[in-house]
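The values are calculated or read from the model by the stated rules, or taken from the named source; none is laboratory data. Bear in mind that the values here come from a model prediction, so they are computed numbers and not experimental data. A quick note on method: Cβ atoms are made from the backbone with ideal geometry, for glycine too, and the neighbour counts reach across all protein chains shown. Ligands, DNA and RNA are stripped out before the accessible areas are found, and what is left, the full protein with its side chains, is counted by its heavy atoms. Shrake-Rupley method; radii C 1.70, N 1.55, O 1.52, S 1.80 Å.
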Amino acid sequence: MTYPTTVIPARFISRPNRFIALVDVNGRTETVHVKNTGRCRELLVPGATVYLAAAENPTRKTPYDLIAVDKVLPDGRTVTVNMDSQAPNAIAAEWLPVSGLFPETATIRREVTYGDSRFDFCIQTADTTAYLEVKGCTLEQDGVALFPDAPTERGVKHIRELTALAREGCPAYILFIIQMKGTHTFRPNDATHKAFGDALREANAAGVHILAVDCRVIPGTVTVDGYINVEL
């Protein structure tokens, strides 16, 4: 997935609220839109290098979107983390047709309603109809990707809907997109929201396919790289 506008580096100053941040662009303080309403406290630290995508509407009050940040690991290495919460679905839309999960002839549709539920993707083949939910993950600790970084009742609801489908015999998937490199394992973040982890383990027992992939991130581009281990 490539952003359609220019991407530039900046230095993070502060985050007055969850929607905006103050950054330094070549010595000039700019107010920018943060494309992630999560806490992201371990990412947005004063002085961090962040990446800004120019707004497609040049008259918008905030001229840039904050889409990524360089995170310094304990061993001194730096990894670029895409923190745009809208990116995972776009990344998945590009990757799923070439993922090998489904036949090349499958029809993949986004934002599909089934009963009272709305799923990120519906994949139709000659024999089956499958449903898939995408979750973007930006929280990493010691090489382990963790989700969620804040309690998410909406996330629990999505899992339970997929669990119900699986129990009816319908193929169901949850895809965690780790928006960085450098992780080797995905785990539910029980310390933050144990109900989410419990729902994920219940889904796994019911036959929901739980997958996690990491991404190569360079400023302006995010590409799925490969599967990582899932531990529930």
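Scanning the range 124-136 for residues that are among the charged types (D, E, K, R), buried (at least 16 other Cβ atoms within 10 Å of the Cβ) and at pLDDT below 95 turns up nothing. Within the range 36-69, the set of residues being closer than 15 Å to T5 by Cα and among the charged types (D, E, K, R) comprises E56, R60, D65. Between R201, R160, R154, the distinction of being more than 13 Å from the chain's Cα centre (by Cα) and within 24 Å of M1 (Cβ to Cβ) belongs to R154 only.
Looking only at the range 1-59, residues that are closer than 23 Å to R216 by Cα, hydroxyl-bearing (S, T, Y) and in a loop (DSSP other than H, G, I, E, B) come to 4 in all.
Of the strands (runs of 3 or more DSSP E) contained entirely in the range 153-232, those carrying at least 1 residues that are under 18 Å from F119 (Cβ atoms), in contact with a helix residue (DSSP H, G or I) (Cβ under 7 Å, 6 or more places away or on another chain) and in contact (Cβ under 8 Å) with a residue 60 or more places away in the chain fall at 172-178. Scanning the range 153-196 for residues that are closer than 29 Å to T78 by Cβ and of a type in the set (S, T, N, Q) turns up Q179, T183, T185, N189, T192. Looking only at residues in the range 67-88 that are part of a loop (DSSP other than H, G, I, E, B) and among the charged types (D, E, K, R), the one that is surrounded by the fewest Cβ atoms within 10 Å (Cβ to Cβ) is D75.
So that you can scan it fast, the table gives a plain yes or no per residue for (1) within 26 Å of P171 (Cα to Cα); (2) within 21 Å of the chain's Cα centre (by Cα); (3) β-branched (V, I, T):
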| residue | (1), (2), (3) |
| --- | --- |
| G38 | no, yes, no |
| K61 | no, no, no |
| D70 | no, yes, no |
| T80 | no, yes, yes |
| V98 | yes, yes, yes |
| F121 | yes, yes, no |
| A130 | yes, yes, no |
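The condition (being surrounded by 22 or more Cβ atoms within 10 Å (Cβ to Cβ), more than 26 Å from P151 (Cα to Cα) and touching a Pro at 6+ places or on another chain (Cβ under 7 Å)) is satisfied by just one residue among Y64, Y51: Y51.
Looking at D142, D198, D149, D190 in this structure, which one is surrounded by 16 or more Cβ atoms within 10 Å (Cβ to Cβ) and either at positive phi or acidic (D, E) (or both)? Write out each step before concluding.
Working: D142 fails: surrounded by 16 or more Cβ atoms within 10 Å (Cβ to Cβ); D198 fails: surrounded by 16 or more Cβ atoms within 10 Å (Cβ to Cβ); D190 fails: surrounded by 16 or more Cβ atoms within 10 Å (Cβ to Cβ).
Being surrounded by 16 or more Cβ atoms within 10 Å (Cβ to Cβ) and either at positive phi or acidic (D, E) (or both) holds for just one of D142, D198, D149, D190, which is D149.
When residues in the range 102-121 are screened for being surrounded by 16 or more Cβ atoms within 10 Å (Cβ to Cβ) and of a type outside the set (A, V, I, L, M), 5 of them pass. Selection of first residues in the range 1-20 that are touching a residue at least 60 places away in the same chain (Cβ under 8 Å) and of second residues that are of a type in the set (S, T, N, Q) and open to solvent by less than 40 Å² (accessible area, probe 1.4 Å), restricted to Cβ pairs under 9 Å at least 6 apart or on distinct chains, gives the following pairs, ordered by first then second residue: M1/N82; M1/T221; T2/T221; Y3/T221; V7/T221.
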